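The structure under discussion appears below in the form of structure tokens.
Nothing in this text is a laboratory measurement; each read-out follows from the coordinates by a stated rule. All values reported here derive from a predicted model rather than from experimental measurement. All Cβ positions, glycine included, derive from the backbone under ideal geometry; neighbour counts span all protein chains shown.
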Amino acid sequence: MTIEPLEQLVQSFEIAGQDFSRAGEVSSKIRRILQQIGAPVETIRRTSVATYEAEMNVVIHAQSGRIDLSADRCAIQITVSDVGPGIVDLDLAMQPGYSTASEEVREMGFGAGMGLSNMARCADDLSIDSVVGQGTTVKMQFRTNG
Amino acid sequence: MLLADIVKLLTATSVSSVANLDQHIENAGASDLMSDVLALTKPESVLLTGLCTPQVVRTAEMVDLKAIVFVRNKWPDAVTVKLADEMGLPLFSSPFPLYEACGLLYQAGLPGLLDRRDPNDHWLSVAAQDGRRSVQRTTGNSRGSL
Ligand SMILES: Nc1ncnc2c1ncn2[C@@H]1O[C@H](COP(=O)(O)OP(=O)(O)OP(=O)(O)O)[C@@H](O)[C@H]1O
Ligand SMILES: [Mg+2]
């Protein structure tokens, strides 16, 4: 098998925390980039869902953040890092149904406590680093070969 | 089932500038929880919801929903409609309450998001798997089917 040389795509995006009117814009941009580079439909779908959940978590739970995208022929890497409260108990936070979201957030259809488990299911690899009082970094990898 | 049939059964009115009534719809789902929509939606689906925010449209984008029907005559604001128009997503508004709207479509033969013949396709088992997996901080996991 020959592997063709491929440019590595690298791009970064800022997320404004607490700005619900623009929440999801970055995930939407990333989705369009993945479509343009011809990533498989199923991979785009998984990446979009997990990236959107992570972006919403920054908007809902943190002050500000960014998403770094890198992609090559084999895999898509999404790193979502924020400045925010951090996660005190990661095991608890990962449990489906656990949420500290406000009533206001719930009225917008979020705060079911499903986001982190959705991300874990969509990504081929997920790791979370969180420092209480500083922020959270979620790294996800999506392989393009299914 | 065609989108046109759904619109007729629900006596729905078109809200957005695109309608795409001749599209084939394979499944429908109903929820006001966006993380549930993100977790459970299958391709070629239509969503019935009582939630009328731009986030519903963003969520639809991430999971390739074919259309959204707002129930109980709910009507999204201009920002939400504009977003849907930009991405070519048809929006409709139906006078029926959520339960009745679902019943009408189900009775007419439109399947939901669960496949009861597949024991792994029930969302309870999906949630249970997520719960078990989530005790690890770093997960490299096999995916459940959406
Ligand atoms: N970036 C973050 N910063 C601080 N806390 C977070 C962050 N992400 C998640 N959490 C914490 O983990 C909990 C669970 O997150 P998860 O995404 O699973 O659910 P949710 O955001 O509350 O609801 P949903 O994702 O269903 O809308 C959150 O309620 C919050 O307490
Ligand atoms: Mg969340």
Taking the radius of gyration and the Kirkwood hydrodynamic radius from Cα positions alone, what is the Rg/Rh ratio for the range B:3-129, to two decimal places?
0.95
Reciprocal of mean inverse Cα separation for the range B:31-82 (Kirkwood radius, Å):
11.0 Å
Alpha-carbon centroids, the range B:1-79 and the range A:116-140: separation in whole Å
29 Å
Given N residues in the range A:12-62, what is Rg(Cα) / (2.2 N^0.38 Å)?
1.15
Across A:46-52, the residue-averaged tally of Cβ atoms belonging to other chains within 10 Å stands at 4
Report the rotationally averaged projected area of chain A based on its alpha-carbon convex hull, in square nanometres.
8.8 nm²
Each residue of the range A:102-111 in order: what ³J(HN,Hα) in whole Hz does its phi give by Karplus 6.51 cos²θ - 1.76 cosθ + 1.60, θ = phi - 60°, with x for Gly and Pro?
6, 4, 4, 5, 4, 5, 8, x, 10, x
Out of the DSSP beta bridges found with both residues in the range B:3-129, what percent are antiparallel (nearest 5)?
15 percent
Pop a pseudo-label 7 angstrom from the Cα along the beta-carbon direction at both B:Asp85 and B:Asp5 and give the gap in nm to one decimal.
3.1 nm
Calculate the spin-label point distance for A:Glu42 paired with A:Ala75, positioning each point 7 Å from the Cα along the beta-carbon direction, and give it in nanometres.
1.8 nm
Enter the mean number of other protein chain beta carbons within 10 Å of the beta carbon of each residue in A:81-91, as an integer.
1
May I ask for the equivalent-ellipsoid semi-axes of the protein assembly as shown, computed as the square root of five times each C-alpha gyration tensor eigenvalue and listed largest first in whole Å?
30, 21, 20
Partner shielding of B:30-42, taken as the mean number of other chain Cβ atoms within 10 Å, equals 6
Taking only the alpha-carbon positions of the range A:68-146 as identical scatterers, the Debye log10 I(q)/I(0) at q = 0.11, 0.22 Å⁻¹ comes out as -0.34, -1.09
How far is it, in nm, from the label point at A:Arg22 to the one at B:Ala78 when both lie 7 Å from their Cα along the line to the Cβ?
2.1 nm
Longer than 20 Å from Cα to Cα, which of A:Lys139/B:Lys42; B:Lys42/B:Lys66; B:Lys8/B:Lys66; B:Lys8/B:Lys42; B:Lys42/B:Lys74 are they? Say none if no pair is.
A:Lys139/B:Lys42; B:Lys8/B:Lys42; B:Lys42/B:Lys74
Cα-based reach from A:Lys29 at 19 Å (exclusive), listing aspartates and glutamates while leaving out same-chain residues under 8 positions away
A:Glu14, A:Asp19, A:Glu42, A:Glu53, A:Glu55, A:Asp68, A:Asp72, A:Asp82, B:Glu61, B:Asp64, B:Asp85, B:Glu86
